[in-house]
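A.B. asks: I have a structure I would like to understand better, so I am pasting it below and will then ask my questions one at a time.
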Amino acid sequence: MNRLGVLFVSAIFATAMPSAARAADPRYPDWPCVQAKVPELSVGAMWDGPSIADVGNSWQDDPKIKDLVALLAARRTPLDAAKKAIDEFLAAIAPSDKQSAATKLFAGLFDTLNQQRSEIMDGIERVSRNEKELADKIKSDVESLHRLEDKPNQDPSKVNDLASRVEWSTRIFEDRRKTIRYVCEVPTTIEQRLFALARAIRQNLN
Amino acid sequence: MWLRLVLGMALSALLAGEAGAFTAYVSNEKSNTVSVIDTEKWAVTKTIKVGQRPRGIAYTKDQKYVLVAVGDDDTIQMIDTTTNEVVDKLPSGPDPEFFTQGPDGKFLYVANEDDNTVTIIDIARRAQVGDVQVGVEPEGMAVSPDGKILINTSETTNMAHFIDTATRQVVASVLVDARPRFAAFKQDGSELWVSSEIGGTVSVIDPVKHAIKKKISFAIAGMRPEPIQAVGINLTRDGKIGFVALGPSNHVAVVDGTTHEVKKYLLVGERVWHMAFTPDEKYLLTTNGVSNDVSVIDVGALKVVNTIQVGEQPWGVTISDR
């Protein structure tokens, strides 16, 4: 980046940053996404089968269900393959046990994906906090740079050092910001996956 | 009573014979397309590229066109229903989201969220013939079955405004719960239902007295109240059943049209928004904005019987009447 570029970036930081960093929902000041933050998923919005209230962690006691939950929850498993695995698993179960197995399977997926989603949201907020700190740092560096340049007998090497630090920090800031925008989609992707898997399980109970 | 009603509907559906093939058009807000669905095959037969951010969608009364509001292009596009191609457009004013037609299908009333007006368009002439200044951020719209009153709900004032379609003046306003979204009349004109998205309720209004006669609330087992947001409303022609789409709760409420009691909640798809009946009222289609699909509800059995994948963020749906 040439000098003009650094000045341009520093102008953006001096003016636009405070508002860009402001969160939309006052309850979650570190939440940087345009998507509203919904901390926990609701069972009721995903599942109209038998209640999972009494299932607890018992789904983990059945190794078949535990393994299947791990396979289905992994986003690298394509959704079509996941649905097929659900159908095959439930087809092999005696009719009298089907309802209980399906409910356990859903409970396991709900626990696992809800947890996964929460961890990702925590991560997004952590990155967002780091971004704010970095933004403050860049802003103060830019101010120092301006002061240095305004000095009558400036030291060119000092100015250049500071300018290149601003340039690097800005690049890191921008890269992270792009990543956040992409990662903000992930909680919704997980919710969509859980809903689709729940529907596939439910269809086996009709 | 309820059982008799359901049985009666099932019987009338039987007498009417098997459902013919109708065509449904679904606007996909994010993918800028309209999906065409065959209701016999329950499959998408064509995807039409339209303008930016398609939302409000409806057949013209003569069934020759499907109109689709493309908000980010500041216009309403006209799809020819024989060729399924965009052939013309209407001068809607800025950022049209939703529109409605009078019973004769001559005029189109368009809510322009950006400049707080309702634009009136003569469809045949493709021309603006007037506008009405309404409350801040107009949203839901409905015309009374006799065509005399236009309802417009305002997102900011939380009111349903009654507009005389002849004089184009606001003649009454009724305060409802937060963020009114959608309005629907019973076919006999005896009731107006208005949904409130944030309030999570439906206000049943007496359109003569301009007074709320009942407020319908919703509660779904295992769910906090926040995601229960009332949006689309569809009433059967006989006024005996009302369906209310409950947004991010992923459910549709089935309401007894006479007692206004909620009879059942049906799990459909994620973020259910708007709905449309097949003309025989045998099926109700819902658009599910996050799961990117359309659910098919069997109205007689009150069960979800099918799911059809469409484009990204399906918003509105309209179905041919023949």
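The values are calculated or read from the model by the stated rules, or taken from the named source; none is laboratory data. Keep in mind it's a predicted model, so treat the numbers as computed, not measured. No Cβ is skipped: glycine too gets one built from the backbone with ideal geometry, and neighbour counts run over all protein chains shown.
To keep it simple, each residue is scored yes or no on (1) closer than 24 Å to B:Gly289 by Cα; (2) at pLDDT 95 or above.
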{"position": "B:Ala10", "(1), (2)": "no, no"}
{"position": "B:Glu29", "(1), (2)": "yes, yes"}
{"position": "B:Thr33", "(1), (2)": "yes, yes"}
{"position": "B:Lys46", "(1), (2)": "yes, yes"}
{"position": "B:Gln52", "(1), (2)": "yes, yes"}
{"position": "B:Lys64", "(1), (2)": "no, yes"}
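A.B. asks: Another question, then. Does B:Gly135 satisfy the condition of being free of Cβ contacts under 8 Å to residues at least 40 places away in the same chain, over 17 Å from the mean Cα position of the chain (by Cα) and surrounded by fewer than 20 Cβ atoms within 10 Å (Cβ to Cβ)?
C.D. replies: No.
A.B. asks: Now a separate question. Taking the options A:Asp80, A:Asp30, A:Asp48, name whichever one is at pLDDT 90 or above, on the phi < 0 side of the Ramachandran plot, in a helix (DSSP H, G or I) and not hydrophobic (A, V, I, L, M, F, W, C).
C.D. replies: A:Asp80
A.B. asks: What number of residues in the stretch B:111-132 are assigned to a strand (DSSP E or B), among the small types (Gly, Ala, Ser) and more than 19 Å from B:Ala183 (Cβ to Cβ)? Let's see the steps before the verdict.
C.D. replies: Filtering the stretch B:111-132 for residues assigned to a strand (DSSP E or B) gives B:111-112, B:117-122, B:127-132.
Restricting the remaining residues to those that are among the small types (Gly, Ala, Ser) gives B:111, B:127, B:130.
From what is left, the residues that are more than 19 Å from B:Ala183 (Cβ to Cβ) are B:127, B:130.
Within the stretch B:111-132, residues that are assigned to a strand (DSSP E or B), among the small types (Gly, Ala, Ser) and more than 19 Å from B:Ala183 (Cβ to Cβ) number 2.
A.B. asks: Continuing with the same structure: Determine which single condition B:Gly135 fails, assuming it passes every other condition in (1) in a loop (DSSP other than H, G, I, E, B); (2) out of contact with any His (no Cβ under 9 Å at 6 or more places or on another chain).
C.D. replies: Condition not satisfied by B:Gly135: (2).
Listed here are the residues, each with its yes/no results for (1) touching a residue at least 60 places away in the same chain (Cβ under 8 Å); (2) closer than 14 Å to B:Gly232 by Cα; (3) surrounded by fewer than 18 Cβ atoms within 10 Å (Cβ to Cβ).
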{"residue": "B:Thr156", "(1), (2), (3)": "no, no, yes"}
{"residue": "B:Ala160", "(1), (2), (3)": "no, no, no"}
{"residue": "B:Ile163", "(1), (2), (3)": "no, no, no"}
{"residue": "B:Gln169", "(1), (2), (3)": "no, no, yes"}
{"residue": "B:Val176", "(1), (2), (3)": "no, no, no"}
{"residue": "B:Arg181", "(1), (2), (3)": "no, yes, no"}
{"residue": "B:Phe185", "(1), (2), (3)": "no, yes, no"}
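A.B. asks: Have a look at B:Ala245, B:Ala221 and point out the one that is small (Gly, Ala, Ser), closer than 30 Å to B:Lys148 by Cβ and within 14 Å of chain A (Cβ to nearest Cβ).
C.D. replies: Being small (Gly, Ala, Ser), closer than 30 Å to B:Lys148 by Cβ and within 14 Å of chain A (Cβ to nearest Cβ) holds for just one of B:Ala245, B:Ala221, which is B:Ala245.
A.B. asks: Looking at the stretch A:196-206, which of the residues that are within 14 Å of another protein chain (Cβ to nearest Cβ) and of a type in the set (S, T, N, Q) is surrounded by the fewest Cβ atoms within 10 Å (Cβ to Cβ)?
C.D. replies: The selected residue is A:Asn206.
A.B. asks: Of (1) farther than 19 Å from B:Trp273 by Cα; (2) in contact with a helix residue (DSSP H, G or I) (Cβ under 9 Å, 6 or more places away or on another chain); (3) among the acidic types (Asp, Glu), B:Asp115 satisfies all except one. Which?
C.D. replies: The failed condition is (2).
A.B. asks: Shifting gears a bit: So A:Gln192 ticks every box in (1) within 29 Å of the chain's Cα centre (by Cα); (2) touching a residue at least 12 places away in the same chain (Cβ under 8 Å) but one. Which box is left unticked?
C.D. replies: (2)
A.B. asks: Within the stretch B:298-322, take every residue that is within 14 Å of chain A (Cβ to nearest Cβ) and among the acidic types (Asp, Glu) and give me the one that is surrounded by the fewest Cβ atoms within 10 Å (Cβ to Cβ).
C.D. replies: Residue satisfying both the conditions and the ranking: B:Glu312.
A.B. asks: Name the residue that is nearest to A:Pro29 (Cα to Cα), counting only residues in the stretch A:132-168 that are among the acidic types (Asp, Glu) and under 31 Å from the mean Cα position of the chain (by Cα).
C.D. replies: Looking at residues that are among the acidic types (Asp, Glu) and under 31 Å from the mean Cα position of the chain (by Cα), I get A:Glu133.
A.B. asks: Now a separate question. Given the conditions (1) modelled with pLDDT of 95 or more; (2) over 30 Å from B:Lys264 (Cα atoms); (3) part of a helix (DSSP H, G or I), and given that A:Met17 satisfies all but one, which numbered condition is not satisfied?
C.D. replies: (1)
A.B. asks: Now a separate question. Quick check on my filter: what residues within the stretch B:255-268 are away from chain A (no Cβ under 13 Å) and touching a residue at least 12 places away in the same chain (Cβ under 8 Å)?
C.D. replies: Matches in the stretch B:255-268: B:Val255, B:Asp256, B:Gly257, B:Thr258, B:His260, B:Val262, B:Lys263.
A.B. asks: Just give me the residues in the stretch A:164-195 being within 14 Å of chain B (Cβ to nearest Cβ) and crowded, with 19+ Cβ neighbours inside 10 Å, in sequence order.
C.D. replies: A:Pro187, A:Ile190, A:Glu191, A:Arg193, A:Leu194, A:Phe195
A.B. asks: Go through the stretch B:66-98 and give me each residue that's under 15 Å from B:Gly316 (Cβ atoms) and either at pLDDT 95 or above or touching a His at 6+ places or on another chain (Cβ under 8 Å) (or both).
C.D. replies: Matches in the stretch B:66-98: B:Val66, B:Leu67, B:Val68, B:Ala69, B:Val70, B:Ile76, B:Gln77, B:Ile79.
A.B. asks: Hey, another quick one. Of the residues that make up the stretch B:122-145, is at least one in contact with a Gly (Cβ under 7 Å, 6 or more places away or on another chain) and on the phi > 0 side of the Ramachandran plot?
C.D. replies: No: zero hits.
A.B. asks: What are the residue pairs meeting all of these: first residue in the stretch A:96-117, first residue closer than 12 Å to A:Lys66 by Cβ and without any contact (Cβ under 8 Å) to a residue 60 or more places away in the chain, second residue hydrophobic (A, V, I, L, M, F, W, C) and part of a helix (DSSP H, G or I), Cβ atoms under 7 Å, and 6 or more apart or on different chains?
C.D. replies: Note: pairs meeting the criteria are A:Lys104/A:Trp59; A:Lys104/A:Ile65; A:Ala107/A:Trp59; A:Gly108/A:Trp59; A:Gly108/A:Ile65; A:Gly108/A:Val69; A:Thr112/A:Val69; A:Thr112/A:Ala73.
A.B. asks: Step by step: first the residues of the stretch B:273-297, then only those that are more than 16 Å from B:Leu246 (Cβ to Cβ) and among the aromatic types (Phe, Trp, Tyr), then the one that is farthest from the other protein chains (Cβ to nearest Cβ). Which residue is that?
C.D. replies: B:Phe277
A.B. asks: Let me ask you something else. Among residues belonging to the stretch B:60-78 that are part of a strand (DSSP E or B) and out of contact with any Asp or Glu (no Cβ under 7 Å at 6 or more places or on another chain), point out the one that is surrounded by the fewest Cβ atoms within 10 Å (Cβ to Cβ).
C.D. replies: B:Thr75
For every residue, the table says whether it meets (1) surrounded by fewer than 16 Cβ atoms within 10 Å (Cβ to Cβ); (2) of a type outside the set (S, T, N, Q); (3) at pLDDT 95 or above.
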position	(1), (2), (3)
A:Leu109	no, yes, yes
A:Thr112	no, no, yes
A:Asn130	yes, no, no
A:Asp141	no, yes, no
A:Arg147	yes, yes, no
A:Asp150	yes, yes, no
A:Asp155	yes, yes, no
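A.B. asks: For the stretch B:224-234, indicate whether the set of residues that are surrounded by 15 or more Cβ atoms within 10 Å (Cβ to Cβ), at pLDDT below 95 and away from every other protein chain (no Cβ under 14 Å) is non-empty.
C.D. replies: No, there is no match, as no residue in the stretch B:224-234 is surrounded by 15 or more Cβ atoms within 10 Å (Cβ to Cβ), at pLDDT below 95 and away from every other protein chain (no Cβ under 14 Å).
A.B. asks: When both residues are 6+ apart or on different chains and their Cβ atoms are under 8 Å apart, which pairs have a first residue that lies in the stretch A:43-59 and is of a type in the set (D, E, K, R), and a second that is surrounded by fewer than 20 Cβ atoms within 10 Å (Cβ to Cβ)?
C.D. replies: What qualifies is A:Asp48/A:Arg202.
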